[in-house]
Amino acid sequence: MNKREFLEELRKGLAGLPQDDVEERLTFYGEMIDDRIEEGLTEEEAVAQIGPIGDIVSQTFSDIPLLKLVKEKMPKRSLRAWEIILLVLGFPLWFALLVAAFAVVLALYIVIWALVIALWAVEVAFAVAAVACVPLAVFYAVKGNVPAAVAFVGAALLLAGLAIFLAFGCVAASKGAVKLARLIGRGVKRLFVRKENTK
């Protein structure tokens, strides 16, 4: 893929975003390709080093604030009388739908993080219980109750193993929740980005 083809594909991928952001990205990547060509790479090698267009588009969506996208999509003209009447008459319906959509997205976000927090709470409980079993094992060993002491040592080892094993799951779940939260954020942003036909 040469520079022209790359920039055309990037423009298509960024279609619907604010025009100043699209032009800024196109200029940035055009200059990046030119810099690499000056360093001795061919045009195709320079384009290949930049990376996939999909990653650039995703990063751009992440970088642009949601408020900017909403502001960009707001009508720039005064509303006509019949539009105002429709907005007022339809308020009970569109406002209820808007609140419901917001509540669903917020609830989903809260559930994701509640599950992650619950998983970390179980992790901490296993670790604390493992530590708590050690003094009990010593206490029963001093009292001469060897079976109880051995049972608490075994419980401490089992709980410590579970805590270590669960720590990997907690880290993976946390990373997954962060990725999912980003996907939800991008999804909400995409609602405000209308894809336009680019020539």
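Here the contact order of the chain, divided by its residue count and restricted to Cα pairs under 8 Å and six or more residues apart, works out to 29 percent. The angle between the Cα long axis of helix 19-38 and the main principal axis of the chain comes to about 80°, on a 0 to 90 degree scale.
Share of pairwise Cα-Cα distances greater than 31 Å in the chain is 53 percent (whole percent).
What is the sum of charges around residue 169, taking Lys and Arg as +1, Asp and Glu as -1, for the other residues whose C-beta is under 15 Å from the C-beta of residue 169?
0
Which angle between 0 and 90 degrees, to the nearest 10, do you get for helix 146-191 versus the longest principal axis of the chain when only C-alpha atoms count? Taking Cα atoms only, the helix is inclined about 10 degrees. If you fit an axis through the alpha-carbon atoms of helix 3-13 and take the longest principal axis of the Cα set of the chain, what angle between them do you get, 0 to 90°, nearest 10? Between the helix axis and the principal axis of the chain, the angle is about 70 degrees.
Here the sum of -39500 (n - 2.57) over DSSP H runs of 4 or more residues, divided by the residues of the chain, equals -29000 deg cm²/dmol at 222 nm, to the nearest 500.
Which whole number of Å³ per residue matches the convex hull of the alpha-carbon atoms in region 96-191?
80
In this calculation the C-beta distance from residue 117 to residue 151 is compared with R0 = 35 Å, giving a FRET efficiency of 0.65. Of interest is the spacing of the C-alpha centroids, which for region 13-34 and region 90-117 amounts to 33 Å. With the simple model of a label 7 Å out from the Cα in the direction of the Cβ, residue 143 to residue 125 spans 2.5 nm. Between residue 108 and residue 32, the modelled labels are 2.9 nm apart [label points 7 Å from Cα along Cα→Cβ].
All of the numbers you see were taken from the coordinates with simple rules; none came from a lab. Computed from a predicted structure; not experimentally measured. A quick note on method: Cβ atoms are made from the backbone with ideal geometry, for glycine too, and the neighbour counts reach across all protein chains shown.
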